[in-house]
Amino acid sequence: MGLLEKQLCLVSLVLFVTLFSSTINVTSASIKEANALITWKATLQSTNHSLLTSWVLPPHDNISTSAAPCSWFGVTCNVDGSVNRLNLTNSSLNVVLDPFLLLYFREFEKLARLYLYENDLSGPIPPEMRNLVNLVKLYMDTNNFTSPIPSTLGKLNKLTVLHFSLTLLHLGNNKLSGSIPKELGNLKFLNDTELSENQLSGLIPTSLGNLSKLEILFLRSNQLSGPIPREFGNLTNLLVLEMDDNQFSGNLPKLCQGGKLVNFTVNHNQLIEIWGRFPNLTLLNLARNNIIGSIPPGLGNSIQLHRLDPSSNRLVGEIPKEFGKLTSLEKLLLFDNQLSCSIPQELESLTGLSDLDLSTNRFNGSISGILENYLNLFHLNLSNNMFSQKIPFQMGTSGLGKLAETMNWLGSKMGMVCMKLMLDEAVGAHRSYGGAELRGENEGYFATPEALDWGPRPVLRRAESTATAI
């Protein structure tokens with residue numbers, strides 16, 4: 001045998017040994033993972049027993065068992081045959097996720113994604129989940145977990161997505177409680193966190209300001225309180241922040257200085273100052289706080305806004321004329337404040353508005369010349385102000401579905417307005433006409449139907465009035 005032939009034989013032998021050794025390792029890992037899943041399956045109760053029928057080992061352990069778990073329901077493997085994703089979403093699982101169950105997952109060294117949401121898993125979240133060191137995404141929404149979030153989750157430093165939200169629709173009053181563990185601030189790769197609709201309480205840990213890659217943060221519908229940490233100013237990659245229905249107080253820190261925030265809702269809290277720079281914002285909901293003072297003109301630079309709702313606060317002063325730059329605005333809800341003065345003429349450029357509610361303020365002056373451009377308007381509420389002069393005739397060409405203008409002094413007949421409006425609900429008229437019932441307290445303020453130039457009958461379903469001059 002020549003030297004070249006000997007070298008070729010040696011290379012072949014090395015390749016064979018390497019391949020055989022690798023196969024043994026893959027097979028060994030697959031057997032361990034398969035056995036772990038079988039053991040875990042025995043502890044699970046499922047109202048849909050057909051889902052896990054594929055979780056069965058072959059009669060004899062041999063090389064083919066390396067593929068066994070990879071072909072099972074909800075199991076995905078990587079190229080070397082190791083389980084890297086387990087998806088049991090909506091599998092009707094009903095079990096307490098006891099700590100010893102998580103010991104089986106020690107065998108899953110490559111497990112990167114675990115999906116257990118929309119089941120009926122209950123009990124505390126086991127601290128032993130810290131053993132899933134390669135976990136990247138963890139979804140446990142819509143279950144029946146109780147007790148605090150374990151601080152040991154802070155050991156999962158590769159985690160990018162964390163969903164622990166529980167919904168009232170599926171879970172009644174069983175929710176996670178306690179405070180948000182400060183150790184979650186160690187999850188430096190986290191970009192999506194959902195903790196809404198629980199019973200979490202206390203302060204937001206300042207360590208969450210370390211999550212520099214965070215893009216989505218849902219904290220709504222909890223019992224969180226105190227100030228929003230100033231460290232949130234470090235979350236420059238944040239796109240969506242929902243904090244409504246809590247008990248936050250104080251001022252909003254310098255938030256989103258990087259300018260990426262798109263959706264921000266913090267309604268139903270106790271904040272007193274909340275304005276910031278949001279150049280890319282499309283939705284801003286600040287309703288039902290305790291915000292005092294005037295609306296800053298700089299908010300008019302958020303030209304991507306589609307919905308703006310600072311209703312039910314203690315805002316004073318006038319609407320900034322800079323709002324005329326918000327040409328993408330579809331909903332503007334300013335009701336239940338103490339805003340005054342006339343509506344700035346610059347608002348006539350907001351031709352995309354479908355919902356405008358200025359009710360329960362102190363606005364005065366004329367509204368003609370502005371409303372006539374709102375041809376896409378569907379809901380208009382001007383009630384409980386001091387507007388004067390007539391509603392413009394041009395509004396009769398719009399698709400308005402609801403009109404409310406009680407407690408104003410609109411000194412003209414509504415006939416020209418109602419001529420073309422296909423109203424579902426009109427508030428501000430009185431008397432009966434063509435099957436439309438017009439009700440109110442001050443009949444003397446209204447002309448008879450015969451005296452009004454109604455034009456073609458409007459499609460009115462309900463109309464009422466209180467102290468309105470037409």
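If you add up the charges near S92, with Lys and Arg at +1 and Asp and Glu at -1, over every other residue whose beta carbon is less than 11 angstrom from its beta carbon, what do you get? Computed value for this residue: -2. Fully extending the segment from N237 to V133, taken as 0.36 nm per residue of separation minus the present Cα-Cα distance, adds 34.9 nm. With only Cα atoms counted, segment 106-406 has Rg and Dmax values of 22.3, 77 Å. Between S71 and T53, the distance separating the two model label sites (each 7 Å from Cα on the Cα→Cβ line) works out to 1.6 nm.
Note on D80 and Q345: the extension gain reaches 88.6 nm, defined as 0.36 nm multiplied by sequence separation minus the Cα-Cα distance. Each peptide in 193-204, 344-355 gets a packing score, the mean of other Cβ atoms within 10 Å over its residues, and the list from highest to lowest is 193-204, 344-355.
In this structure, A42 and Q304 have a Cβ-Cβ separation that, at R0 = 51 Å, corresponds to a calculated FRET efficiency of about 0.45. Charge tally for L211 (other residues, Cβ to Cβ under 13 Å; Lys, Arg +1; Asp, Glu -1): -1. Amide H contacts of L176: Q199, each under 5 Å away and 5 or more positions distant or on a separate chain (H built 1.01 Å from N in the peptide plane; Pro and chain starts excluded).
Within segment 106-406, what percent of beta bridges assigned by DSSP are antiparallel, to the nearest 5? The antiparallel fraction comes to roughly 0 percent.
For the listed residue pairs K158/K254; K188/K254; K137/K254; K110/K155, the alpha carbons are over 23 angstrom apart in K158/K254; K137/K254. Near L162: Cβ cut-off under 14 Å, other residues only, Lys/Arg at +1 and Asp/Glu at -1. The net charge is +2. What is the calculated FRET efficiency for S328 to R106, with r their C-beta to C-beta distance and R₀ = 56 Å, to the nearest 0.05? My answer for the efficiency is 0.60.
Rule-based calculations on the coordinates, nothing more; no lab input. Quick caveat, the model's predicted, so the values are computed rather than measured. With ideal geometry, Cβ positions are generated from the backbone for all residues, glycine too; neighbour counts draw on all protein chains shown.
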